[in-house]
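Taken together, the values in this text are just the output of simple stated rules run on the coordinates, not laboratory data. Fair warning: this is a prediction, and the values are worked out from it, not measured in the lab. All Cβ positions, glycine included, derive from the backbone under ideal geometry; neighbour counts span all protein chains shown.
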Amino acid sequence: MVAAAVAAIAPAAGSDGWWAFRPRSSVTPPALENDHSQTRARNGIDQFVFHRLAQQNLSPAPSADKPTRLRRLYYDLIGLPPTPGEMDAFLQDEAPDAWERQIDVLLEDPRYGEHWATLWLDLVRYSESDGWNQDAYRPHIWRYRDYVVKAFNEDKPYTDFVREQLAGDEMPGGHPDHLEAAGFLRLGIFEYNQRDARGHWNDIMNEMTDTVGDVFLGLSMACARCHDHKFDDISQRDYFRLRAFFEPIIWRDDLKAATLAEKAAYADQLAVWNEATEEIRGEIDALVKPYHDRKWKTTVEKFPLDIQACFLKPEHERNSWEHQMAYLVSRQFLEEGGGPLKNISQEDQVQHEALKKKLAAFDHLKPKALPPVMTVKTFAGPSTPTTIPGDKGKTAVSPGFLTALSPHAEPATDATQLRTTLAAWITDPDNPLTTRVIVNRIWQRHFGRGLVSTPNNFGHKGSRPSHPELLDWLTERFIEDGWRFKQLHRLILTSATWQQASDHPESSNYKKHDPENTLLWSAPVRRLRAESIRDSMLHLSGELQSKLGGPSVDAEVPRRSLYVKRFRNDNETFLHAFDMTSGLKSMAQRNSTTTPTQSLTMFNSRYTLERAEVWADRLCAQHAATPSLLHQAMRSAWGRPPSPAELDDALQFVGQDPQTSRQRVADFCHVLLNSNEFLYVP
């Protein structure tokens, strides 16, 4: 079924021939006529870019100096600055392949996955809270975040990356990574006490469909919910054909991120504990049953009658939608009003505590709990048909692909492999849309702007590619290299285009011709991402912990910002001041604002001042002489040594003895953290 559906990819005869839907061009990098360009060009990227510049009578900027390139590379790949020792090692390496080896070192650094995971987490609107008014914390969703980090570090092929997120639960073998990856389908907003369960689930399914369109197709699908898209070749039927792939989904919180062997061992040991505690557990169950029954009754009665009927129906008689309604009811039983034992009598409370104490005496027999995971499964019973709102006949819509791309594909029918079929279509090499979308995203992260500057909108309201042939050439290379990101990184980072200086001798004239630098005649100057600002301060102060993965922590814990708890409704944090995403919707490109709040945060916040103090203590402990201390501080913050004038000014401010002017050292560190050279990468 998968092969049959995927083989049918081809633009529809009646489509408008929009560039993103057309097959990729098989292109060869153009020859360069200019001798200087021929000498500068390192690979095919440069040939495309330099050729285009020559057509406009423009020339590329000179190469950035080695310290600038090294700092840019570190922030590009791991989101942290190089240490002075790492700078020295690179600057002293005169081997012809020094740059390539430096790239490889950073690509194999575990911090690479931590940094690049944020690209994907922004796209999938990752957050660790429900949203809405309560914004309850999700204590286990971090396993999805760690899956993404691991996937980047292992250079997982994009084909596998997509399949595991869309259909990990459909894959054989029961690998815990697959269930964690399917947590992608649990990332949407959830309101635990919503009585309109029918409308709430409909909103969840629509938002899931929208996000899949944004993330994998690079198309804004939401307009087609109510009518055919006004600008793009997406019909309302196409929208609900896409949604139909997800219709049989049910949410599962009872599954474990464990291997089959781990589950078997757990079950064996649990059987021992169950046998030893059967009598005590029976007493506990009898004690709490009246309270549970009362809570179930009051919980269920709060829902409309049709939803109550879903809950009361035996599971083997339900369809997928009815089972999901029952799940939403049960979530309120568990989460609303403090739980079923909130109003337990004092007498029963005393007895309950005594029984729990007796039960605890057998804890040595009880196996360690298997790790819980937020994930999904396909309902084993009948699936609810997908219908288009307003269709009086309620005609069932079968799962299917965009008509503009696959007009002749057979509808998917195997309910146990629906999402696997969708993932195969998305990652088919002949799919011109989805392959261009992911390559454009990688380019965008390296240059601050995609070859298509609207990365989540490859439709008519988005922009056309600035270098269409280059985009197609990169996409072909990406596929030929096994759909792996690291090889694409290497190709981009070894290009002369990426290694250009940000300052062009003709910039004032070139900006008149190409004000947004669309033609790439120089490197962009970019402010550090929010996470890199915070992490770099901790890195300089020596406080940054290097632990990889695990449960998220409060912002005061000195771990990478990736691991700081993320709440959708809490947007007044240090990170949000610098345009970190909220997790409310897919974000392919963060806002880049310059506000007084940012300056005040860096200048006055307790967090920044404390980092400066700790950094100063570290420097004073390492250096007895002020010149070496200041030299080290500026080099660490800026990625370059200070000029004689800068060092002289710093000496006049701090004084000759750092031990007697400790507060001046802290103030100077604070100044460095507020400097543009620290906050920006040229």
(message) Viscosity 0.890 mPa s, temperature 25 °C: what is the translational diffusion coefficient of region 260-370 from Stokes-Einstein with a Kirkwood Rh over Cα pairs, rounded to a whole number of µm²/s?
(response) 148 µm²/s
(request) With label points built 7 Å along Cα→Cβ from the Cα atoms of residue 677 and residue 284, find their separation and express it in nm. (result) 6.3 nm
(message) Expected output is a single nm value to one decimal: the length gained when fully extending between residue 104 and residue 266, i.e. 0.36 nm times separation in residues minus the C-alpha distance. What is it?
(response) 54.2 nm
(request) May I ask you to derive the relative contact order of region 542-682, considering only C-alpha pairs under 8 Å and at least 6 residues apart, and to give it as an integer percent? (result) 18 percent
(request) Could you grab the relative contact order for region 260-370? Cα pairs under 8 Å, six or more apart, rounded to a whole percent. (result) 46 percent
(request) For helix 626-638, report the angle its Cα long axis makes with the longest principal axis of the Cα atoms of the chain; keep it between 0 and 90° and round to the nearest 10°. (result) 60 degrees
(request) Tell me what the chain gives for mean residue ellipticity at 222 nm when only DSSP H runs of n ≥ 4 count, each as -39,500 (n - 2.57), the sum divided by the residue total, rounded to 500 deg cm²/dmol. (result) -15000 deg cm²/dmol
(request) Only Cα pairs under 8 Å and at least 6 apart count here; give the relative contact order of the chain as a rounded whole percent. (result) 23 percent
(request) Please work out the Cα center distance from region 59-96 to region 560-605, rounded to the nearest Å. (result) 28 Å
(request) Pop the C-beta distance of residue 275 and residue 137 into the FRET formula with R0 = 35 Å and round what comes out to the nearest 0.05. (result) 0.45
(message) Quick check: residue separation of residue 203 and residue 660 times 0.36 nm, minus the Cα distance between them. What number comes out in nm?
(response) 158.2 nm
(request) Could you let me know the centre-to-centre spacing of region 162-219 and region 382-452, using Cα atoms, in angstrom? (result) 14 Å
(request) Calculate how steeply helix 662-673 sits against the longest principal axis of the alpha-carbon atoms of the chain, using the helix alpha-carbon long axis, and give the answer as 0 to 90 degrees to the nearest 10. (result) 80 degrees
(message) Quick check: residue separation of residue 591 and residue 364 times 0.36 nm, minus the Cα distance between them. What number comes out in nm?
(response) 76.4 nm
(message) Within 12 Å, Cβ to Cβ, of residue 682, how many net charges do the neighbouring residues add up to if Lys/Arg are +1 and Asp/Glu are -1?
(response) +3
(request) Please report, in debye to the nearest 20, how large the charge dipole of the chain is about its Cα centre when each Lys and Arg carries +1 at its beta carbon and each Asp and Glu carries -1 there. (result) 840 debye
(request) At 7 Å along the Cα-to-beta-carbon direction for both residue 506 and residue 316, put a label point, then send me their distance in nm to one decimal. (result) 7.9 nm
(request) Express in whole angstrom the spacing between the alpha-carbon centres of region 639-680 and region 258-336. (result) 62 Å
(message) Cross-link candidates for residue 289: which aspartates and glutamates have Cα within less than 14 Å, leaving aside residues fewer than 8 places away along the same chain?
(response) 348
(request) Give me Rg over Rh for region 530-681, both radii from the alpha carbons and Rh done the Kirkwood way, two decimal places. (result) 1.01
(message) Just want the ordering: 605, 345, 541, from fewest to most Cβ atoms lying within 10 Å of their own Cβ.
(response) 345, 605, 541
(request) Using Cα positions and a limit of under 21 Å, work out the lysines in reach of residue 150, with same-chain residues fewer than 8 apart set aside. (result) 256, 486, 547, 565
(request) Could you sort out which of 342/366; 156/585; 302/358; 230/394 sit more than 31 Å apart by Cα distance in this structure? (result) 302/358
(message) Cross-link candidates for residue 511: which lysines have Cα within less than 29 Å, leaving aside residues fewer than 8 places away along the same chain?
(response) 66, 461
(request) Within region 479-534, report the GluC sites (Glu not before Pro) that DSSP leaves as loop and that have at most 16 other Cβ atoms within 10 Å. (result) 506, 516
